[in-house]
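Below is one structure, written out as structure tokens; the observations come after it.
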Amino acid sequence: MSTYREASKYPNFQGAAFLSIMAGIGRLIECLWQYRRRYLLGGLCLAGTTSLLMMVPWWVRAAIEVIERGDPESELGGYVLLTALAAAGGGLLRGISRSIIFNAGRNIEYDLRNDLFAHLEKLPLSYYQSQRTGDLMSRAVNDINAVRMLLGPGFLNLVNTPLYFGYAAVFMFAMNVQLTLAVAACLTLLIWVFGQFRGRIQRASLRVQRQMSRMSAHVQENLSGMHVVKAYVQAEPQTARFAGLNDEYRVRSMDLARCRGMINPLMVALHGLTVLVVLWYGGWLILRQQTGVADLVAFFLYLNVLAWPMAAFGWMISLIERGRAAMERLEEIFEVEPSIADPERPAPLTDRERGIEFENVSFAYNGDGEAALRDISFVVPPGRKVAIVGRTGSGKSTLTHLIPRLYDVTSGAVRVGGVDIRSLSLEELRGAIGYAPQDPFLFSTSIQENLRFGDAGATEQEVRRVLGAADLESEVEVFPDGLDTRVGERGIALSGGQKQRATLARAILADPEFLILDDCLSSVDSQTEQRILHGFESVLKDKTCIIISHRMAVIREADEILVLEEGRIVERGNHESLLQAGGVYAQMYRRQQMSDELDEL
Ligand code: ATP
Ligand code: MG
């Protein structure tokens, strides 16, 4: 994690506290403050460049006066030399200042990206339910770029422009007050125009950025759900939807371009107007001998220097507004508190003799919405296996999500090793749990690396052993690169059953204390599932396990079986006692037996 946020620790920096009220701006200032030395140095170099370049018209004016007075040639030569040196020195310093400031902008971009990613990794699953991945990606890429532009070229122009105008004002006043006032009157118009366009550009920028997010989200969803798009012949409607979004993006971008485009000619016209005023009023003053030709030439040269900052005004405003809007959008993410975080003083996980314990646990996905789990209490003693069965949607997966704190309970408590899991460090808790989810997920890397996600230090032999136990080794052998075969995005190159077995192997490779298997072999046939679980018998022997399955053959071997219905435990006991009780479980068992018998016919 980078340290730029630690900037607020600097006690002598009073400004940040006030400005942080203004969300994104506060963070921007903090970024600048973190790199304050570089920005200061860059700013000084910029000031040096501007000072040198602004001396040029002054010395040209002096040279003209030498010519007018008919002074010796050597004096003229001196001014020519000075002018040449100032131009060369100014050019050199300009290069240095640009590289210092642009590099600082790139460093902040780097820090911001790292911080954003680290922050995203800490946010709870519930946050991602309300967000679109494409939108988050657009912020991480486009908005951070916009912030870099603001802190690089934006900062440079923000410092440079007032310097140019300030210097010009001082030199012009020194030459002729009336003519300077005339120029100032023209420039007041410029400030008015600037004010008119700022708000419009800000709104237009934000609209463009939002639309870009929508488009990214659409693209991301389509790419990751490409097989569904194709299977449902949705390519055309989806393309049409994208075209609609893209069209809106074009309209909004053109609106922004129009705003910016209007500023440029206006600024050029204003510059032209100023030149006309100087020519007319300056000429008039010369005719009345209140100023000299040298002054008039110097005025023109100063106006010439100001031409670029004036023309770049539109670009600069849009850089600033885009950067600010981007920072606000990033701040919306940074502001989200990681609600599931380490406690201040985590308790150690030492007494592991108590397995997993649920005490009056209730849970709802949306705070006060409908409960997915109600008043769940049970204990999995160490080394024992508890199986959970129930109809689809009865809350089995939800129950398992609570153990590694993917979500926090709404009421009640979950204990692992006798400690409330909210008192444990997330790393220790999650490190002790092996979790094979119902919906297997693999990263787009090799099989071997995917398995090592569970235990980075595992030897190849260990990887092969768990693959063998998961009945996957022989299948991996025939893959083109064996263990190093890449599995494609989300493991797309593997079959459903292969993916499930790989995720099971990943959970077991980590050799965790507690194992949660959430219907993780549903895609393989019944016999294979049993064979695999028997293959793992020696590994599973001492583990505390929660097993969810739809297969009675797997369930019946558990020490205790919990039957869930609409988030409640409606029956519990071992296989025999539940059969004898003749309730929901017995019905489910009989139904499955009948369907197995029918299959065999
Ligand atoms: P299955 O056998 O189909 O896997 P399950 O017993 O595992 O079902 P859960 O996934 O735990 O069922 O879902 C329990 C209830 O919670 C369902 O009504 C479901 O709609 C709801 N639910 C699940 N996940 C979420 C979520 N992320 N946000 C809101 N509600 C959810
Ligand atoms: Mg489930």
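The values are calculated or read from the model by the stated rules, or taken from the named source; none is laboratory data. Keep in mind it's a predicted model, so treat the numbers as computed, not measured. When we count neighbours, we look across all protein chains shown, and the Cβ atoms used for this are built from the backbone with ideal geometry, even at glycine. Calculation scope for accessible area: heavy atoms of the full protein, side chains included, ligands and nucleic acids excluded. Shrake-Rupley method; radii C 1.70, N 1.55, O 1.52, S 1.80 Å.
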* Looking only at the stretch 400-422, which residues are within 21 Å of P338 (Cα to Cα) and either within 16 Å of ligand 2 (Cβ to nearest atom) or among the charged types (D, E, K, R) (or both)? -> T400, H401, L402, I403, P404, R405, L406, Y407, D408, D420, R422
* Do we have any residue at all in the stretch 573-585 that's within 16 Å of ligand 2 (Cβ to nearest atom), crowded, with 22+ Cβ neighbours inside 10 Å and at negative phi? -> no
* Which of the residues that make up the stretch 249-277 are touching a Gly at 6+ places or on another chain (Cβ under 6 Å) and either open to solvent by 60 Å² or more (accessible area, probe 1.4 Å) or not assigned by TED's automatic domain parsing to the domain that holds V305 (or both)? -> R260, N264
* **helices (runs of 4 or more DSSP H) within the stretch 478-572 that include 1 or more residues among the acidic types (D, E) and open to solvent by less than 30 Å² (accessible area, probe 1.4 Å)** => 526-535
* Hits in the stretch 208-230 (condition: of a type in the set (V, I, T) and either open to solvent by 30 Å² or more (accessible area, probe 1.4 Å) or under 21 Å from G323 (Cβ atoms) (or both)) -> V208, V219, V228
* Which fully enclosed helices (runs of 4 or more DSSP H) of the stretch 51-159 have 3 or more residues being at pLDDT below 90? -> 73-122, 125-129, 133-138
* Could you count how many residues in the stretch 104-135 are open to solvent by less than 30 Å² (accessible area, probe 1.4 Å) and more than 12 Å from the chain's Cα centre (by Cα)? -> 5
